[in-house]
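Everything on this sheet refers to the single structure shown next.
The values are calculated or read from the model by the stated rules, or taken from the named source; none is laboratory data. If you're wondering where the values come from, they're calculated on a predicted model, not measured in any experiment. As a convention, Cβ positions derive from the backbone with ideal geometry for all residues, glycine included, and neighbour counts pool all protein chains shown.
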Amino acid sequence: MYAIIATGNKQYKVEKDSIIDIELIEGKEGDRVSFDNVLLVANGDKVEVGTPTVNGAKVSGTIVKFDRGPKKVVYKYKRKVNYDRETSHRQHYAQVKIEEVSHGS
């Protein structure tokens, strides 16, 4: 059984015991979180697609840790005018272990 959830303006395919990296959410390590914005639930050959979400479907998990992604370098350059700028960025994310995918109906 798997589901597709939406969180942080992104969509993730999740199933029991999977670990996903999502955008930063409120909470502490070890807290339980639930995702009510479930777009699709599939159990074997039975697939239910929501319009826009599946009624009664819920995905719950536990926050494993908070971390930062790899460094991304942003480099701007204009030739002939002696212009160059370099900055960098590391995105914060939360690692969540999915514990349950339930379908309400």
| request: Could you run through the stretch 78-105 and say how many residues are surrounded by 10 or more Cβ atoms within 10 Å (Cβ to Cβ) and in a strand (DSSP E or B)? | output: 13
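Does Lys97 count as among the charged types (D, E, K, R) and within 12 Å of the chain's Cα centre (by Cα)? Break it down into steps so the answer makes sense when it comes.
Values: among the charged types (D, E, K, R): yes; within 12 Å of the chain's Cα centre (by Cα): yes.
Here the answer is yes, as Lys97 does meet what is asked.
Taking Asp84 as the residue in question, decide whether it is acidic (Asp, Glu) and modelled with pLDDT of 95 or more.
Details: acidic (Asp, Glu): yes; modelled with pLDDT of 95 or more: yes.
So Asp84 fits the description; yes.
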| request: Would you be able to tell me the number of residues in the stretch 1-33 that are in contact (Cβ under 8 Å) with a residue 12 or more places away in the chain and assigned to a strand (DSSP E or B)? | output: 17
| Are any of the residues in the stretch 34-56 surrounded by 15 or more Cβ atoms within 10 Å (Cβ to Cβ), in a strand (DSSP E or B), hydroxyl-bearing (Ser, Thr, Tyr) and touching a strand residue (DSSP E or B) at 6+ places or on another chain (Cβ under 9 Å)? | no
| query | Could you count how many residues in the stretch 34-54 are at pLDDT below 90 and of a type in the set (Ser, Thr, Tyr)? | reply | 1
